[in-house]
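Enquirer: Please find one structure pasted underneath; my questions will follow.
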Amino acid sequence: MLKYRRTLLRLRQKKANEESEKAMKIEKEAEQELSEAKPAMEAAAAAVDCLSKPMLTELKGLAKPPAGVDKVTNACLILIEKEYKPKKQTWARAKTMMQNVDAFKTKLSEFKGESITEEEVGMLKKYVEDESFSPEKMQSKSAAAANLCNWVV
């Protein structure tokens with residue numbers, strides 16, 4: 001009976017050690033992912049900080065956006081407004097999203113990047129992989145679009 005208990009204890013201890021090792025591995029991977037994501041999160045926060053009310057007012061005041069700017073606002077519609085239907089990702093809809101500039105900036109600054117779903121990543125892929133979708137290329141078109149682009153990527 002005593003031998004049985006010792007064997008049982010050893011098995012439980014072995015299993016506990018294995019589970020502990022798995023947990024430590026998961027923790028290490030999570031810390032690595034967080035350290036890799038931290039610069040992107042800081043860049044996104046800085047992009048929002050750089051957005052001024054006049055910049056956004058100018059952007060939303062455009063009758064028609066310059067080429068590529070609509071891609072940036074479509075990406076924002078996906079992330080901020082959860083507008084997944086391409087037919088509804090229009091310039092008019094984007095202007096509505098930015099209508100109250102202060103509320104829009106608040107949504108951007110409070111956005112949690114970790115809440116992005118796989119579905120949203122898939123929808124954003126066509127934008128972020130487009131070579132014209134970069135803050136540098138947007139800068140010549142609109143300072144607000146450049147900062148929003150930086151926020152998206």
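Residues checked against (1) closer than 17 Å to residue 52 by Cα; (2) among the aliphatic types (A, V, I, L, M):
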residue: 80; (1), (2): no, yes
residue: 95; (1), (2): yes, no
residue: 116; (1), (2): no, yes
residue: 148; (1), (2): yes, yes
residue: 153; (1), (2): no, yes
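Enquirer: Checking residue 71 against (1) surrounded by fewer than 17 Cβ atoms within 10 Å (Cβ to Cβ); (2) touching a helix residue (DSSP H, G or I) at 6+ places or on another chain (Cβ under 8 Å), which single condition isn't satisfied?
Expert: (1)
Enquirer: Residues of the stretch 97-119 being assigned to a helix (DSSP H, G or I), open to solvent by 90 Å² or more (accessible area, probe 1.4 Å) and either within 16 Å of residue 148 (Cβ to Cβ) or of a type in the set (A, V, I, L, M) (or both), which ones?
Expert: Once the filter is applied, which keeps residues that are assigned to a helix (DSSP H, G or I), open to solvent by 90 Å² or more (accessible area, probe 1.4 Å) and either within 16 Å of residue 148 (Cβ to Cβ) or of a type in the set (A, V, I, L, M) (or both), the stretch 97-119 yields 107, 110.
Enquirer: Here is a further query. If you scan the stretch 128-149, which residues turn out to be more than 11 Å from residue 76 (Cα to Cα) and part of a helix (DSSP H, G or I)?
Expert: The initial filter retains those residues of the stretch 128-149 that are more than 11 Å from residue 76 (Cα to Cα), namely 128-144, 146-147.
The answer is 128, 135, 136, 137, 138, 139, 143, 144, 146, 147.
Enquirer: A follow-up question, please. So the check is Cβ under 7 Å with 6+ separation or different chains; which pairs have a first residue in the stretch 116-139 that's closer than 13 Å to residue 152 by Cβ and a second one that's basic (Lys, Arg)?
Expert: Between residues of the stretch 116-139 that are closer than 13 Å to residue 152 by Cβ and residues that are basic (Lys, Arg), the close pairs are 127/71; 130/71; 133/71.
The values are calculated or read from the model by the stated rules, or taken from the named source; none is laboratory data. Remember, predicted model here, so these are calculated numbers, not experimental data. Cβ sites come from the backbone with ideal geometry, for glycine too, and all protein chains shown count toward neighbours. Remember, those area values only see protein heavy atoms, side chains included, never the ligands or the DNA or RNA. Shrake-Rupley method; radii C 1.70, N 1.55, O 1.52, S 1.80 Å.
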